[in-house]
1. Please go through (1) out of contact with any strand residue (DSSP E or B) (no Cβ under 7 Å at 6 or more places or on another chain); (2) within 16 Å of the ligand (Cβ to nearest atom) for residue 305 and return the number of the only condition it doesn't satisfy.
2. Working only within segment 295-312, note down all residues that are within 13 Å of residue 175 (Cα to Cα) and either polar (S, T, N, Q) or open to solvent by 90 Å² or more (accessible area, probe 1.4 Å) (or both).
3. Tell me, yes or no, whether segment 175-191 has at least one residue that is surrounded by fewer than 20 Cβ atoms within 10 Å (Cβ to Cβ) and within 16 Å of the ligand (Cβ to nearest atom).
4. Would you kindly identify the helices (runs of 4 or more DSSP H) lying entirely within segment 112-222 that contain at least 1 residues that are more than 21 Å from residue 27 (Cα to Cα)?
5. Within segment 198-212, track down each residue that is touching a residue at least 12 places away in the same chain (Cβ under 8 Å) and over 17 Å from the mean Cα position of the chain (by Cα).
6. Which residue out of 282, 300, 318, 313 is among the charged types (D, E, K, R), farther than 22 Å from residue 69 by Cα, within 12 Å of the ligand (Cβ to nearest atom) and out of contact with any Pro (no Cβ under 9 Å at 6 or more places or on another chain)?
7. Looking at the structure I just gave you, is residue 152 open to solvent by 30 Å² or more (accessible area, probe 1.4 Å), among the acidic types (Asp, Glu) and at pLDDT 95 or above?
8. Sort out which residues of segment 206-259 are within 15 Å of the ligand (Cβ to nearest atom), open to solvent by 40 Å² or more (accessible area, probe 1.4 Å) and not charged (D, E, K, R), and write them in order of number.
Amino acid sequence: SLSISPEVPIRYMNYHGMFVPDSYQLIADSIENFQIRDDDVWVCSFPKAGTTWTQEMVWNIGNNFDPDTAKTPLPIKFPFVEFTGTTTTGWISLNKADSTFPDHMSKSVEYATNLPSPRFLKTHLPFNLLPKQLRTREKKSKMIYVARNPKDVCISYYHHYKLLEGYCSTFENFSKLFLGDKVYYAPFWDHVISYWDNKGNNDILFLTYENMKKDLGSVIQQTAAFLNKSPMSPEQLNRLKEHLSFDSMKKNPAANYENAAESINASKIFGENFKAEGVFIRKGEYGQWKSFMSPELIERFDEWTKLKLKNHRDLFDRMI
Ligand code: A3P
């Protein structure tokens, strides 16, 4: 059992190669045995890769975009299946009777199990730790994986930790945790590779955050085709693009997690000195690292990436 820094009072472990809070053990079996359905649609990602954005896109494509039904909050229409065990917030809802989180959030596996079909489900688990029926493709369910440049992921994750995980130290120190595989769901590249290497069966659509930024319209049509939906009309497409724009998402209470820090009662867990800093839908850009990282850190990331992707030239070309 490890601690990442004195400010963060959560104990971590290495669970089959994945860095998670100790409490993951409590739900690991229920995840392994989670029952998959043929019409499930999963959004899978490393945290901060654009999960929330992808969820909102996928849900609206799957439900023939209607601005009214779109108003259902993401945690209700698109639950985070292993939420109970893998985040500090989950750890809290599991251990603190006074959590203000909606009740289902503390029983996410059960909530997801009981959702009517077709289900839309979010996970940050690497491919090899997905529920057995999903990993072994026992059902015809589909997975959409979204990946993002790790330098931008690291920056976004740093802000996330300052908002929701009690982190009070510098970015420099955070980047060491990131490169040292001491942030949850690390190691980063193994995560991306696990889906990349398994996408041969036409049941995993591999997207990147950068492509969504550059040409959201094409990504929407590609996702619609993957979900066996007919292509959107130009008007429908424009309305959905507008709905998914950074400015709309930032203002959308169903998707912006604006009360997340209060909901978890951050100061109760991390101490009165901890002040949640920032917002969840924060900047929404790619290439931020160019102005945010020192030349030395950029070099460290590049060396690390080269090493990790030495047998994955195709993935390197796609992402870097
Ligand atoms: P930044 O912190 O770089 O701004 P996740 O949902 O996986 O936690 O990812 C969060 C990141 O996606 C944040 O990145 C957030 O701002 C960005 N994001 C969310 N909605 C977005 C949108 N509509 N357009 C672009 N980026 C978006």
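1. (2)
2. Answer for segment 295-312, where residues must be within 13 Å of residue 175 (Cα to Cα) and either polar (S, T, N, Q) or open to solvent by 90 Å² or more (accessible area, probe 1.4 Å) (or both): 296, 299, 300.
3. no
4. 150-164, 171-179, 188-196, 209-214
5. 198, 199, 201, 203
6. 282
7. No; evaluated as a whole, the condition is false for this residue.
8. Hits for segment 206-259 are 211, 246, 253, 257.
The values are calculated or read from the model by the stated rules, or taken from the named source; none is laboratory data. Predicted, not measured: the structure shown is a model, and the values here were computed from it. Reconstructed Cβ throughout: ideal geometry from the backbone, glycine too, with neighbour counts over all protein chains shown. Just so you know, the surface numbers come from the protein's heavy atoms only, side chains and all, with ligands and any DNA or RNA stripped out. Shrake-Rupley method; radii C 1.70, N 1.55, O 1.52, S 1.80 Å.
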